[in-house]
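Worksheet for the structure shown next.
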Amino acid sequence: MAYSEFKFDPKFLQEQIDSAKAALKDQTGREDFVAHACEVIKDRLLENNDEYLSYGPYWWALKKILLVNGLKELGNTMDEPLSKEYCGESDEATITAAECFREDYFTNFFEGNNLFDLDPEAESQYLLADPDCQTLKYRGRFSSLGLSKEEEREWEQMAAFFGYDYMN
């Protein structure tokens, strides 16, 4: 499969990085672009576990960066080929590409969309699904229901057996 869609020019990304780093320094005094971005993205993901979908094909490379920067709750599920294909030349470039895609996502897709045309020659679309993020979503809903750990496991097993998101 030849992935060619939703790619950003490295020069464009560098301009975006330079601008974001300058804004970060001016607004917060911080210079740690990657650490700051990881904090912001972590907050988004923990508030809405489906937020990962808005990063589209950049999700997997972004997830690697988040894991390295301490967001272990995301689990280890990975799409290696896509993470290698949709990443920047640096962590800064990957984060910036993911954020640029996210901006386009909310303009061009409906919220919750998980199908992406990555190869114009392919007959099918790429389905983005991260079971680790889905588990986070279920756990958050379980805690609001006041279920015991044993009841949570039973519901997780039932959901896995039936293969659907029973909580929506």
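The values are calculated or read from the model by the stated rules, or taken from the named source; none is laboratory data. Model, not experiment: these values are computed from the prediction. Glycine gets a Cβ as well: all are built from the backbone with ideal geometry, and neighbour counts include every protein chain shown. Side chains are part of the model used for accessible areas, which takes the heavy atoms of the whole protein and leaves out ligands, DNA and RNA. Shrake-Rupley method; radii C 1.70, N 1.55, O 1.52, S 1.80 Å.
Of note:
- With R₀ set to 45 Å, the beta-carbon distance separating Gln27 from Glu5 gives a calculated FRET efficiency near 0.85.
- Exposure of Leu127 as accessible area (Å², to 10), given a probe of 1.4 Å and all protein chains: 100
- Peptides 42-51, 21-30 ordered by packing proxy, namely the average of other Cβ atoms within 10 Å per residue, highest first: 42-51, 21-30.
- The calculated FRET efficiency for the pair Asp18 and Lys84, based on their C-beta separation and a Förster distance of 25 Å, comes to about 0.50.
- Across Lys21/Lys84; Lys21/Lys42; Lys42/Lys149; Lys63/Lys149; Lys42/Lys64; Lys7/Lys84, pairs whose alpha-carbon gap is larger than 22 Å: Lys21/Lys84; Lys42/Lys149; Lys63/Lys149
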